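A short worksheet on the structure shown next.
The values are calculated or read from the model by the stated rules, or taken from the named source; none is laboratory data. Being a predicted model, the structure only gives us computed values, none of them experimental. Here the Cβ positions follow ideal geometry from the backbone for every residue, glycine too, while neighbour counts run over all protein chains shown. We work out accessible area using only protein heavy atoms, side chains counted, and drop any ligands, DNA or RNA first. Shrake-Rupley method; radii C 1.70, N 1.55, O 1.52, S 1.80 Å.
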Amino acid sequence: MAIEVAKVVLNHVQDASGLEERIQAEQFKADEVVAVIGKTEGNGGVNDFTRLLADQAFRAALAKHGKRSAEAIRSVPMVWSGGCDGVLTPHATVFARNGKQGPASKPRLVIGTALSPKILPEDIGRPAMVEKVAEGVRAAMREAGIDKAADVHYVQTKTALLTIEAVRDAARRGHSVACEVHDSMGVSNGTTALGIGVALGEISMPKAEQICKDLSLYSSVASCSSGVELDAAQIVLLGNKAGAGGRYRIGHSVMKDALDIDGIYAAITNAGLSLPSRPRADDLQGRLVNCFIKCEADQRGELRGRRQIMLDDSDVHHHRHSKAAVGGVAAAAIGDPAVFVSVDAMHQGPQGGGPVIAIVDVGE
């Protein structure tokens, strides 16, 4: 079945009216929605409950307009990334499967979803988590009907992180954890990215001492998030497959650093949209659905040879600096501040940069 995609804006943290409008306009049915990836307006930290509020609102809208059971609706993957620093607009990208047809011989967007085996507190930041995530990614590929890793362009995950109770639980069972609670979001994201890279053959299985240390190891298609609401890796995998039908294609590239606007346009071109040699937002002609970007402050404290102070700022966390900066570059590139930009990009793209994924409407 073909995939339909829509980007909708959140007018407040519990606003699902954009989703409801797309359902009422018959772009897709509520029961056809298979995944949601969105940005919410909270602090983006461990205690960012705006993710839960948005999740509840979107699931309530699916229940209101559809016929699926509560259990079936709970199983729909919804990945919410908190924090809309700078010019970023809270929004969600909704994916649905329907019967619309497209050219059978041409590659078109497909989606596979999966849950990894349960991730224990003591797994986070260690090889056991890499292996469990890799197992889940392979399952998502099978669910999408993708045989070749090269046809995978985006793996969005949501994984567990540590809480005080999780640390106590591990201790009661005689296990230690690999990091502190407030470091666990980045560590969980980085370990997950390594699992994605292993599953897709981008890297070999890392040694324990390389996890969250050797930043030369990375995936070019990983976008990893984590939260208190999960105890496994929730995986949404997107790629292209011939005969899938529909009108959308996906592509990817990497931003080499926080100013690499060419990396954004490279992803759009890779998705199948022809652009001039020096593109501008107007050249997209409304055919870009959305871009999904990961970013991180360069641990070397430099950007194109210039000293950076975001890692030294005691007032504003460097995540907020980098997200706002890259969000501004991305919004200028595509002409829309409703763009998915997420931080904690360890092992996701090159150091100081990150993966860029683009979904375009090919107009057929």
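Per-structure values
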quantity: Dipole axis of the chain (+1 Lys, Arg; -1 Asp, Glu on Cβ), positive-most option in F292, V356, V94; calculated: V94
quantity: Probe 1.4 Å - accessible area at D283, Å² to nearest ten; calculated: 50
quantity: Heavy atoms of K148: accessible area, 1.4 Å probe, square angstrom to 10; calculated: 140
quantity: Exposure rank, largest accessible area first [S105, S322; 1.4 Å]; calculated: S105, S322
quantity: Largest to smallest accessible area among H321, H153 [probe 1.4 Å]; calculated: H321, H153
quantity: Cα gyration tensor shape for the stretch 228-364, rounded if a/c is under 1.5, else prolate or oblate; calculated: oblate
quantity: Extreme residue, positive dipole direction of the stretch 35-190, given options S69, G136, W80 (C-beta unit charges); calculated: S69
quantity: The chain - percent of accessible surface contributed by carbon and sulfur, probe 1.4 Å; calculated: 48
quantity: Translational diffusion coefficient (Stokes-Einstein; Kirkwood radius from C-alpha pairs) of the chain at 10 °C, 1.306 mPa s, in µm²/s; calculated: 78
quantity: Under 23 Å from K213, Cα to Cα: lysines that are on another chain or at least 8 residues apart; calculated: K132, K158, K256, K294, K323
quantity: Percent of alpha-carbon pairs separated by more than 16 Å within the stretch 264-316; calculated: 58
quantity: Solvent-accessible surface (1.4 angstrom probe) belonging to V289, in square angstrom, nearest 10; calculated: 20
quantity: More than 18 angstrom apart: percent of Cα pairs within the stretch 41-184; calculated: 69
quantity: Within the stretch 1-85, trypsin sites (Lys or Arg not before Pro) in DSSP loop having at most 13 other beta-carbon neighbours inside 10 Å; calculated: K67
quantity: Beta bridges per DSSP with both ends in the chain, % antiparallel, nearest 5; calculated: 75
quantity: Assigned charges on the beta-carbon of Lys, Arg, Asp, Glu; the chain dipole about Cα centre (debye); calculated: 860
quantity: Accessible area in the full protein assembly, largest first, 1.4 Å probe, for D15, D315; calculated: D315, D15
